[in-house]
Amino acid sequence: MRFDVVSLFPDMFRILTGQGVVGRALERGSAELHLWNPRDYTQDPHRTVDDRPYGGGPGMVMKVEPLQAAIEDAKHAAPDSKVAYVTPQGRTLVQDTIAEIAAEPGWILIAGRYEGIDERLVERYVDAEWSIGDYVVSGGELPAMVIMDAVMRLLPGTLRHKDSARTDSYVDGLLDFPHYTRPEVIAGARVPQVLLSGNHRAIARWRLRQALGRTWLRRPDLLERRGLSGEEKALLDEFIQARRDAE
Ligand code: 9D3
């Protein structure tokens, strides 16, 4: 997997590359990250990277020539990669989309600043426009990092890969079950007895029941989308009944 990022703030990406799943993916060579700074392509003494919007109004737009030169260099370096613009106007990403992104050989990500980029550059270069959700952050860099993190943790060889096969087989598309660790009692609050029982089938059923129940309570949209098997329906009914009994 290859990522090329066009950004005015390449130093921000140290946060991504320095540690964790992404740092290791880059170290062992299952992913590459290249940065292209439009400021390096300026010709004027002030190294100008913004420009005024036609039609007037507040705010600036990324200056076309340096941005275009950076995109062109990225495309020549990564000829097999598609181009994505991260923007609040983009398609809101969900986990299925992350898996589709991971299936491509590489992506050139354009991280905007100011009010964004000239629409003619979108029309000429951009294959996909992505948002990370309906809230405002101050530039495209953090969204680009969120997307790369989500993609790279799916690449073969990540630690997560091993246990995900097990976990995802029964909780995929559901919220997680609650987790507990030592001590057995915190200010009188006990760990659920079943988790101490050593009965692995009972524990698996309890966790699935909790995952189904929490998803039903907090994210009914996810259950709608996923559907339930007969056994899952029965476990969810148990959760709902237990909750009524507790009232
Ligand atoms: C204050 C500027 N806004 C005027 C209505 C528009 C605006 C422009 C640029 C708002 C945010 C940004 C910077 N954000 C991104 O580039 C961005 C983003 C986001 O803010 N939320 C969710 N996903 C993304 S992807 C890129």
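The values are calculated or read from the model by the stated rules, or taken from the named source; none is laboratory data. Please read these numbers as outputs of a predicted model, since none were measured by experiment. Every residue, glycine among them, receives a Cβ derived from its backbone with ideal geometry; neighbour counts consider all protein chains shown. Remember, those area values only see protein heavy atoms, side chains included, never the ligands or the DNA or RNA. Shrake-Rupley method; radii C 1.70, N 1.55, O 1.52, S 1.80 Å.
Some points to look at:
- Derived scalar couplings ³J(HN,Hα) [region 188-194; Karplus, 6.51 cos²θ - 1.76 cosθ + 1.60; whole Hz; x for Gly, Pro]: x, 8, 8, 5, x, 4, 4
- Given charges at Cβ of Lys, Arg, Asp, Glu: region 2-152 dipole, positive-most of T42, G139, L16: L16
- Per residue, in Å², the accessible surface of region 169-246 once ligands and nucleic acids are set aside, probe 1.4 Å: 69
- Under the Karplus curve 6.51 cos²θ - 1.76 cosθ + 1.60, θ = phi - 60°, whole-Hz ³J(HN,Hα) for region 152-157, x wherever Gly or Pro sits: 5, 6, 8, 5, x, x
- Amide H to amide H distances under 5 Å link S131 with T87, G90, R91, T92, L93, where only residues 5 or more positions off or on other chains count and H is placed in the peptide plane.
- For region 2-152, share of DSSP beta bridges that run antiparallel, in % to the nearest 5: 10
- For region 169-246, the Cβ-based charge dipole about the Cα centre amounts to some 140 debye (Lys, Arg positive; Asp, Glu negative; other atoms uncharged).
- Dividing the helix sum by the residues of the chain, where each DSSP H run of 4 or more adds -39500 (n - 2.57), gives a mean residue ellipticity at 222 nm of -13000 deg cm²/dmol.
- Sulfur and carbon atoms: percent of accessible area, the chain [1.4 Å]: 50
- Total charge dipole magnitude, region 1-56, about the Cα centre, Cβ charges on Lys, Arg, Asp, Glu only, Debye to nearest 20: 200
- Residues with amide H under 5 Å from that of G157, placed H, sequence gap 5 or more: none
- Calculated on the Cα set of region 22-139, radius of gyration then Dmax: 15.4, 49 Å.
- Helix 230-245 vs. the chain, principal-axis angle (Cα, 0 to 90°, nearest 10): 70
- Whole-number accessible area per residue in Å² for region 2-152, which is evaluated in the context of all protein chains at 1.4 Å: 54
- Radius ratio Rg over Rh of the chain, counting only Cα atoms, Kirkwood formula for Rh: 1.10
- Shape of region 169-246 from the C-alpha gyration tensor: prolate (a/c of 1.5 or more and a/b above b/c, with a ≥ b ≥ c the square roots of its eigenvalues).
- Farthest positive-ward along region 46-178 dipole, Cα basis, beta-carbon charges - from W130, P66, Y85: P66
- Average Cα contact separation per residue, region 112-247, under 8 Å, 6 or more apart, as relative contact order %: 19
- Within a Gaussian network of the chain (alpha carbon springs, distance under 10 Å), most fluctuating of V185, V126, V151: V185
- Normalised contact order of the chain, rounded percent, pairs of Cα under 8 Å and 6 or more residues apart: 18
- Signed unit charges on C-beta, dipole axis of region 169-246, positive-most listed residue P178, A204, W216: P178
- Relative contact order [Cα under 8 Å, 6+ residues apart], region 86-139, whole percent: 68
- Prolate/oblate/rounded call for region 76-120, Cα gyration tensor, a/c under 1.5 rounded: oblate
- Angle in degrees between helix 159-171 and the longest Cα principal axis of the chain, rounded to the nearest 10: 50
- 5 angstrom amide H check on K63, placed H, neighbours 5+ away: D50, D51
- Cα gyration tensor, region 99-152 - rounded (a/c under 1.5), prolate or oblate: oblate
- Summing Lys and Arg as +1 and Asp and Glu as -1 over all other residues whose Cβ lies under 10 Å from the Cβ of P88 gives a net charge of -2.
- Net dipole in debye of the chain [+1 Lys, Arg Cβ; -1 Asp, Glu Cβ; about Cα centre; nearest 20]: 1180
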